[in-house]
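Asks: Supplied in structure tokens, the structure appears directly below.
The values are calculated or read from the model by the stated rules, or taken from the named source; none is laboratory data. Everything quoted here is computed from the prediction, not taken from an experiment. FYI the Cβ positions are ideal-geometry reconstructions off the backbone, even for glycines, and counts take in every protein chain you see. Protein only, heavy atoms only, side chains kept; ligands, DNA and RNA dropped before computing areas. Shrake-Rupley method; radii C 1.70, N 1.55, O 1.52, S 1.80 Å.
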Amino acid sequence: QNPTSQNSNGMMPGVGEAIEKADKEPTNFEAQIKAGEMFGRINNFEKALTYFERAHKIKADDYQTIVILGNVNFELKRFADAQKWYEQALAIKSDDVNVRTDLGLSFFLREPKDIERAIKEYKTSLSTNPNHEPTLQNLAVAYSEKKDPVGLKDTLAKLEKVNPSNQIIQKLKESN
């Protein structure tokens, strides 16, 4: 039997058991995380959120769970909720460049956009890691939308040094 084949209820082996365990043991942190991850893998972020929220109730100060809650809300396009989780994570570990960049994105992608706040978060990320490619890329896009040619030119130059083949460079140069 192929280990990745699905069983009669349409789930991969072990998935049903993991979810059942999480539901039967609502105070089992690891079981909640495992069930949340399984739903995350199949992009059922609504269900994943339930289990990660349970895990957070069990271990409220677990950094990785806080970040995951930000990421799941981000995937659900609940950018204000994602922002709250990312800010909580950054209160614990302020130099996490990936979380800080995602916080910036949560401002950039919401309606209405808060481009200034996004740029502020990207710059904070870059003060920790000036060569962080995803942050440079996001900052370049923000400057492009803001119609800031100087900021865009400087950021694209830095991005080009980090990765000359980054796909956003040519797109932004052509459109600006």
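Asks: For Thr27, Thr124, Thr101, write out the residues from largest to smallest accessible area, computed with a 1.4 angstrom probe and no ligands counted.
Replies: Thr27, Thr124, Thr101
Asks: Another one. Classify segment 121-176 as rounded, prolate or oblate, taking a ≥ b ≥ c as the square roots of the eigenvalues of its Cα gyration tensor: rounded when a/c is under 1.5, otherwise prolate if a/b is larger than b/c and oblate if not.
Replies: Judged from the Cα gyration tensor, segment 121-176 comes out oblate (a/c at least 1.5, b/c at or above a/b).
Asks: Just read off the accessible area of Ile92 with the full protein assembly in place, 1.4 Å probe, to the nearest 10 Å².
Replies: 90
Asks: Using a 1.4 angstrom probe on the protein heavy atoms only, could you order Ile58, Ile19 from most to least accessible area?
Replies: Ile58, Ile19
Asks: Note down the net charge around Thr124, summing +1 for each Lys or Arg and -1 for each Asp or Glu among other residues with Cβ under 10 Å from its Cβ.
Replies: Neighbourhood net charge equals +1.
Asks: Dipole of segment 9-75, Cα-centred, from +1 at each Lys and Arg C-beta and -1 at each Asp and Glu C-beta, to the nearest 20 debye?
Replies: 40
Asks: Counting only protein heavy atoms and using a 1.4 Å probe, what share of the accessible area of segment 21-83 belongs to carbon plus sulfur, as a whole percent?
Replies: Accessible surface attributable to carbon and sulfur in segment 21-83 totals 49 percent.
Asks: What are the trypsin sites (Lys or Arg not before Pro) within segment 65-96 that DSSP puts in a loop, where the Cβ has at most 15 other Cβ atoms within 10 Å?
Replies: Answer in residue order: Lys77, Lys93.
Asks: Springs between alpha-carbon atoms under 10 Å, Gaussian network over the chain: tell me which of Pro164, Pro112, Pro134 tops the mean-square fluctuations.
Replies: It is Pro112.
Asks: Out of these labelled values of mean projected area of the Cα convex hull in nm², (1) 12.5; (2) 9.6; (3) 11.6, which was calculated from the coordinates shown here?
Replies: (1)
Asks: Counting only protein heavy atoms and using a 1.4 Å probe, what share of the accessible area of segment 123-163 belongs to carbon plus sulfur, as a whole percent?
Replies: Result for segment 123-163: 51 percent of the exposed heavy-atom area is carbon or sulfur.
Asks: Okay, moving on. So what is the accessible area of segment 9-78 per residue, in Å², with the probe set to 1.4 Å?
Replies: 56
Asks: Now for a separate question. Report the accessible area of Arg110, computed with a 1.4 Å probe over the heavy atoms of all protein chains in place, in Å² rounded to the nearest 10.
Replies: Ignoring ligands and nucleic acids, Arg110 comes out at about 50 Å².
Asks: Can you spot the lysines whose alpha carbon is less than 23 Å from Lys113's alpha carbon? Ignore those fewer than 8 places along the same chain.
Replies: Candidates past the 8-residue exclusion: Lys77, Lys84, Lys123, Lys146, Lys147, Lys153, Lys171, Lys173.
Asks: Where the only charges are on Cβ atoms (+1 Lys, Arg; -1 Asp, Glu), what is the dipole of the chain about its Cα centre, to the nearest 20 debye?
Replies: 400
Asks: Assuming a ≥ b ≥ c are the square roots of the Cα gyration tensor eigenvalues, decide whether segment 23-83 counts as rounded (a/c under 1.5), prolate (otherwise, with a/b larger than b/c) or oblate.
Replies: It is oblate, given that a/c is not under 1.5 and a/b is not larger than b/c.
Asks: Once Lys and Arg get +1 and Asp and Glu get -1 on their Cβ, which of His132, Thr155, Leu103 lies farthest toward the positive end of the dipole of the chain?
Replies: The Cα lying farthest towards the positive end belongs to Thr155.
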